[in-house]
1. For the condition of a type in the set (A, V, I, L, M, F, W, C) and within 15 Å of the chain's Cα centre (by Cα), what is the one hit in VAL47, VAL83, VAL77?
2. Of everything in region 1-28, what is part of a loop (DSSP other than H, G, I, E, B) and either under 15 Å from PHE100 (Cβ atoms) or in contact (Cβ under 8 Å) with a residue 40 or more places away in the chain (or both)? Give them in sequence order.
3. Just to be sure I understand, how many residues within region 13-64 are of a type in the set (Gly, Ala, Ser), surrounded by 22 or more Cβ atoms within 10 Å (Cβ to Cβ) and at negative phi?
4. Is region 132-154 home to any residue that is in contact with a helix residue (DSSP H, G or I) (Cβ under 7 Å, 6 or more places away or on another chain) and small (Gly, Ala, Ser)?
5. Residues being polar (S, T, N, Q) and either within 20 Å of VAL62 (Cα to Cα) or in contact with a strand residue (DSSP E or B) (Cβ under 8 Å, 6 or more places away or on another chain) (or both): count how many of those fall in region 103-126.
6. Among helices (runs of 4 or more DSSP H) lying entirely in region 72-189, which contain 2 or more residues that are out of contact with any His (no Cβ under 6 Å at 6 or more places or on another chain) and at pLDDT 85 or above?
7. I'm trying to understand the selection: among the residues of region 105-150, which are of a type in the set (Asp, Glu) and within 21 Å of LEU93 (Cβ to Cβ)?
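The values are calculated or read from the model by the stated rules, or taken from the named source; none is laboratory data. The structure displayed is predicted, hence computed values, not measured ones. Quick reminder, even Gly has a Cβ in these numbers, built from the backbone with ideal geometry, and neighbours come from all protein chains shown.
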Amino acid sequence: MNISVFCGATLPRNEAYIDAARQLGTWLAQQHHTLLYGGSNLGLMGVVSGAALAAGGTVVGVIPTLFSEEVILSQPVTQLVRVASLAERKAYLLAHSDLFIALPGGIGTLDEVTEVMVANQLGQMHKPMVLLNLEGYYDAFLQQVERFKAEGLMRSPTDYLTSLTSLTSLTSPTCPTCPTSPTSPLPPC
């Protein structure tokens, strides 16, 4: 399965986010999923991709050519996909991923999450978006989504959107978002 991970290109102050990125990258590799991500070796992006590579996983970095050639070539990945812009990067990730997972991140991560939500809302795809809501990081965002719906400004349902409070929730045999059938788009827990 191709799984896109959205996260920041900077390191957060909270070590728990760094640990989760490392664990997620390792888990993706161990489960033989392909990691697709924004292509940077900086911040949480570098942590998750580095962990996946260290565990023998396949990592596809999708990086805009607006970055210098030196930066582009410094990315340790299995496959490097060059695109012309950030918009093309998002389009590539949406087209080539079966599932999206968001670690804590900044405005770029939020942009990617909402891009997935919009594509689902418009019926352009039906692919799951999992927010790793570590230590309540996405609580305010999820409250805003509920407000959008309450005010009639966002279509319901948002069945493609799942919030998990820990990586263990995603990887546990008792995971509430585990597939119930072999055709489910979620990865096996």
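1. VAL47
2. Selection gives MET1, CYS7, GLY8, ALA9, THR10, PRO12, ASN14.
3. So the count comes out to 7.
4. Taking every residue of region 132-154 in turn, none turns out to be in contact with a helix residue (DSSP H, G or I) (Cβ under 7 Å, 6 or more places away or on another chain) and small (Gly, Ala, Ser).
5. Within region 103-126, residues that are polar (S, T, N, Q) and either within 20 Å of VAL62 (Cα to Cα) or in contact with a strand residue (DSSP E or B) (Cβ under 8 Å, 6 or more places away or on another chain) (or both) number 3.
6. In region 72-189, the matching helices (runs of 4 or more DSSP H) lie at 86-96, 107-121, 139-150.
7. Scanning region 105-150 gives ASP111, GLU112, GLU115.
Conditions (1) surrounded by fewer than 17 Cβ atoms within 10 Å (Cβ to Cβ); (2) within 30 Å of PHE67 (Cα to Cα); (3) under 14 Å from the mean Cα position of the chain (by Cα); (4) touching a residue at least 60 places away in the same chain (Cβ under 8 Å), marked per residue:
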| position | (1), (2), (3), (4) |
| --- | --- |
| LEU93 | no, yes, yes, yes |
| HIS96 | yes, yes, yes, yes |
| PRO104 | no, yes, yes, yes |
| ALA119 | no, yes, no, no |
| LEU131 | no, yes, yes, no |
| GLU135 | yes, no, no, yes |
| LEU142 | yes, no, no, no |
| ALA150 | yes, no, no, no |
| LEU167 | no, no, yes, yes |
